[in-house]
Amino acid sequence: MTNFGPIRETPGDFETTAFPKSSNSGFPSSAAPPVETGFDPGPIGGTVTRPAAPPPPPAASPSRNLLYIGGAAALVAILIVVVIGFSGGGGDSDDSAGSSRVTNPITETAESESGSGQWGSSGDGSTASGPRQSSNDLNVSVPMSHPPCDGSGIVVLANAVTPGRYDSEIQRYLNMYPGSSYLRTDESCSSLRRRDDAGNPIYAVYRPAGRTQSQVCSAVRAAGGTAYGKWLDNTTDPRHMIQC
């Protein structure tokens, strides 16, 4: 085996190969892939073309506007009908209330004509409810009255005590004293005499005369004749007459 000894490198023994250098780094550069921009840049050095703006939304058609207007008008019409309906219901209530108010004065007039409407309460403190029907009512122009025994006074204008002639006599007295009423004493207050000396029922024609002696006496003097005053209660002696 041949010994060549140590090898020495001398300049020029190897060729130096030069590699191309990049302008920015010490490594060769490779071409970058193209970048998609989403629009056509056009020719180099030319004007850039941008995508066109989307078209504006179409305006509402006239038919749709008319539909909205028609719906609003229909809603207003429904509201008007509802208001009129409520107003009509209230009118019915008012009419029915008016009818009852028209009926009540007729009852009150009948009470005042019969004499019972002159007092506001009955002898036991309850409110008088109008004339009561009785089998002893006479066949005359007004019904028999039942005045309350509340301590008020009356002026007795005339009496009828003859059985069989009650109707004719009481009607004659009612004609003589317009606005007067009549009662039967045994169906009225105990301060009135129940029967005459012969035991016959007494029918009396009378007018209300107030609550004081002076008022009763004034009514007695205005009536004249054989008129006299009496209290309507359940405590006064039936033989007692108001002294005027």
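Where a number appears in this text, it was derived from the coordinates with a stated rule and is not lab data. The structure displayed is predicted, hence computed values, not measured ones. Quick reminder, even Gly has a Cβ in these numbers, built from the backbone with ideal geometry, and neighbours come from all protein chains shown.
Pairs meeting the criteria (first residue in the stretch 217-238 and free of Cβ contacts under 8 Å to residues at least 40 places away in the same chain and under 18 Å from residue 182 (Cα atoms), second residue assigned to a helix (DSSP H, G or I) and charged (D, E, K, R), beta carbons under 9 Å, at least 6 apart or on different chains) are lacking. If only residues of the stretch 219-243 that are in contact with a Leu (Cβ under 8 Å, 6 or more places away or on another chain) and in a loop (DSSP other than H, G, I, E, B) are counted, the one that is surrounded by the most Cβ atoms within 10 Å (Cβ to Cβ) is 232. Restricting attention to the stretch 165-184, which residues are touching a strand residue (DSSP E or B) at 6+ places or on another chain (Cβ under 8 Å), under 16 Å from residue 137 (Cα atoms) and not in a loop (DSSP other than H, G, I, E, B)? Passing the criteria: 166, 169, 170, 173, 174, 181, 182, 183, 184. Which residues, taken from the stretch 168-187, are among the acidic types (Asp, Glu) and free of Cβ contacts under 8 Å to residues at least 40 places away in the same chain? 169, 186 - these are the residues of the stretch 168-187 that are among the acidic types (Asp, Glu) and free of Cβ contacts under 8 Å to residues at least 40 places away in the same chain.
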